[in-house]
Amino acid sequence: RALNPPHIVPTPPGDPQPNPPDMPDAIHFPDIQFSPAAELRTIVRSVKRWLAEHPQGTVAILAPRNKKGFDVAQALRREGIPYVELLNSATATRRTAGVLANILQHLANPTDSRQLATLFHDWKEDVWEEEAWNPLLTEAERALKGLDRPEEYLWPRPGFDWLETAEMEALPDVRALLDEFRQVVQVWQAAAVLPIDQLLLRLGQDLFTRPADLALTHKFAVVLRQLAREHPDWRLPQFIEALNEIARNQRRFIGFEEEDLGFEPPPGTVTVATMHRAKGLEWDRVYLMGVNNYNFPSGQPQDTYFSEKWFVRDSLNLEAEALAQLAALETGADYVEGEATHNARLELVKERLRLLYVGITRARQELVVTWNTGRQVMDKPPNQPAIPWIALQNWWAERQD
């Protein structure tokens with residue numbers, strides 16, 4: 001059984017932490033078949049209205065997985081809605097990792113002019129949107145993207161300096177800026193022979209001024225140094241991927257932002273979190289999204305499982321099957337294909353049901369629970385509402401009647 005009946009009794013009169021008032025109208029299971037995009041738009045519009053009416057209230061959008069949480073954060077940013085994240089890593093942490101990965105990407109492939117332009121953008125990111133800087137920076141970035149031979153700019157031979165062409169002579173301010181950038185990149189390229197941790201620290205000194213960014217660079221350097229010890233054959237592409245996993249929010253990394261170190265739900269600001277990260281926290285209003293039979297399966301024939309890939313034969317859980325084969329080799333027991341996948345499904349069902357309980361109980365006053373049909377892949381049928389969602393909606397409708 002995934003859940004045992006909890007021992008819950010009302011608080012007695014005079015308790016310093018009384019039960020919240022009974023507000024049946026504040027619980028919503030909208031009977032709407034959303035696409036993922038429509039669900040996201042609907043929730044963002046709803047939370048925007050709610051914040052306007054409750055500027056001192058606390059609100060959270062809880063996603064079933066980190067990738068969806070990242071999509072929510074992007075949608076809120078586009079709408080200008082203030083938010084904080086409780087995902088694998090904070091926005092500032094991902095940004096710093098991404099900038100460092102971009103430089104390493106250039107060092108691994110220094111003849112890519114578009115990557116060089118990206119590097120230039122990162123170098124001047126802090127002033128890019130300033131009115132006095134933007135036209136100059138945009139023109140310089142455009143020039144870098146159009147480079148046919150970056151080596152004639154970065155390490156020119158006598159008589160072949162791209163900055164001395166007629167086109168660049170006509171843009172003295174851009175030419176001066178790109179000359180400064182060239183000197184910086186030459187230093188970075190010369191530093192590429194350093195061990196990976198020392199290289200990162202050198203790059204951080206040139207790129208960052210915020211203490212948090214410098215401290216993050218040091219943490220990244222420590223992590224990559226350990227990876228270099230564990231994988232002595234690793235070169236720049238492997239270290240780039242390790243940083244990109246943090247930048248893409250695929251790897252848990254605790255930085256130095258407030259949402260990384262400790263958290264108290266801020267009023268008037270949306271908290272974006274996974275249901276896992278929401279444990280122990282509460283908000284006045286909570287949105288639970290994506291409560292379908294993919295994110296919350298129940299072991300039914302129509303359910304699909306994110307631990308199984310659609311292109312694998314018989315929908316086998318390859319990790320579970322591999323572990324079962326190893327165990328059979330060790331113990332001499334018979335291996336039966338599919339048993340491990342079945343058992344892994346049941347464990348996932350239990351874990352996800354417990355997680356849904358956590359999400360529901362994060363709401364102090366108001367709760368909205370939605371589901372979506374999921375992303376369509378090949379002949380995969382659309383997702384359906386999770387069975388717990390159906391059961392809760394039916395129970396709630398009967399109670400309202």
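The values are calculated or read from the model by the stated rules, or taken from the named source; none is laboratory data. What you are looking at is a predicted structure, and each value in this text was computed from that prediction instead of being measured. Cβ coordinates were reconstructed from backbone atoms using ideal geometry, including for glycine residues, and neighbour counts include every protein chain displayed.
Below is a table of values for the structure above.
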| quantity | calculated |
| --- | --- |
| Test: residue in segment 42-61 that is in a helix (DSSP H, G or I) and among the polar types (S, T, N, Q) | yes |
| Within segment 226-252, considering residues that are in contact with a Phe, Trp or Tyr (Cβ under 7 Å, 6 or more places away or on another chain) and more than 27 Å from D71 (Cα to Cα), the one surrounded by the fewest Cβ atoms within 10 Å (Cβ to Cβ) | L227 |
| Residues located in segment 69-123, provided they are closer than 25 Å to I196 by Cβ and charged (D, E, K, R) | R94, R95, D112, R114, D122 |
| Residue count, segment 361-381 (criterion: assigned to a loop (DSSP other than H, G, I, E, B) and either closer than 22 Å to K350 by Cβ or in contact (Cβ under 8 Å) with a residue 12 or more places away in the chain (or both)) | 11 |
| Any helices (runs of 4 or more DSSP H) falling wholly within segment 74-153 and containing at least 1 residues that are touching a Lys or Arg at 6+ places or on another chain (Cβ under 9 Å) and closer than 27 Å to M275 by Cβ | 91-108 |
| Check on V223, surrounded by fewer than 16 Cβ atoms within 10 Å (Cβ to Cβ), out of contact with any Gly (no Cβ under 7 Å at 6 or more places or on another chain) and aliphatic (A, V, I, L, M) | no |
| Residue check for N317: among the polar types (S, T, N, Q) and within 23 Å of the chain's Cα centre (by Cα) | no |
| Any hit, segment 82-95, residues being touching a strand residue (DSSP E or B) at 6+ places or on another chain (Cβ under 9 Å) and modelled with pLDDT of 90 or more | yes |
| Which listed residue is surrounded by 13 or more Cβ atoms within 10 Å (Cβ to Cβ) and at pLDDT below 90, from F181, F208 | F208 |
| Exclusive hit being out of contact with any Asp or Glu (no Cβ under 8 Å at 6 or more places or on another chain) and closer than 30 Å to N292 by Cβ, set V127, V72, V84 | V72 |
| Close pairs (9 angstrom Cβ cut-off, 6 or more residues apart or separate chains): within 18 Å of P20 (Cβ to Cβ) and at pLDDT below 90 in segment 278-302, of a type in the set (F, W, Y) and outside any loop (DSSP other than H, G, I, E, B) anywhere | none |
| Pairs with Cβ under 8 Å, 6+ apart, first in segment 317-346 and assigned by TED's automatic domain parsing to the domain that holds F296 and at pLDDT below 90, second surrounded by 12 or more Cβ atoms within 10 Å (Cβ to Cβ) and of a type in the set (F, W, Y) | N317/Y305 |
| Given (1) under 22 Å from T274 (Cβ atoms); (2) in a loop (DSSP other than H, G, I, E, B); (3) in contact with a strand residue (DSSP E or B) (Cβ under 7 Å, 6 or more places away or on another chain), number of the condition P20 does not satisfy | (1) |
| Segment 295-328: number of residues that are in contact with a helix residue (DSSP H, G or I) (Cβ under 6 Å, 6 or more places away or on another chain) and assigned to a helix (DSSP H, G or I) | 3 |
| Failed item in (1) small (G, A, S); (2) modelled with pLDDT of 90 or more; (3) assigned to a loop (DSSP other than H, G, I, E, B), with G255 passing the rest | (2) |
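So that you can scan it fast, the table gives a plain yes or no per residue for (1) surrounded by fewer than 14 Cβ atoms within 10 Å (Cβ to Cβ); (2) under 23 Å from R277 (Cα atoms):
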| residue | (1), (2) |
| --- | --- |
| P301 | yes, no |
| W310 | yes, no |
| R313 | yes, no |
| T331 | yes, no |
| N343 | yes, no |
| E347 | yes, yes |
| T361 | no, yes |
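A quick yes/no check of all residues on (1) in contact with a His (Cβ under 7 Å, 6 or more places away or on another chain); (2) more than 28 Å from E85 (Cβ to Cβ); (3) modelled with pLDDT of 80 or more:
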| position | (1), (2), (3) |
| --- | --- |
| A2 | no, yes, no |
| I8 | no, yes, no |
| P16 | no, yes, yes |
| H28 | no, no, yes |
| F34 | no, no, yes |
| P55 | no, no, yes |
| I61 | no, no, yes |
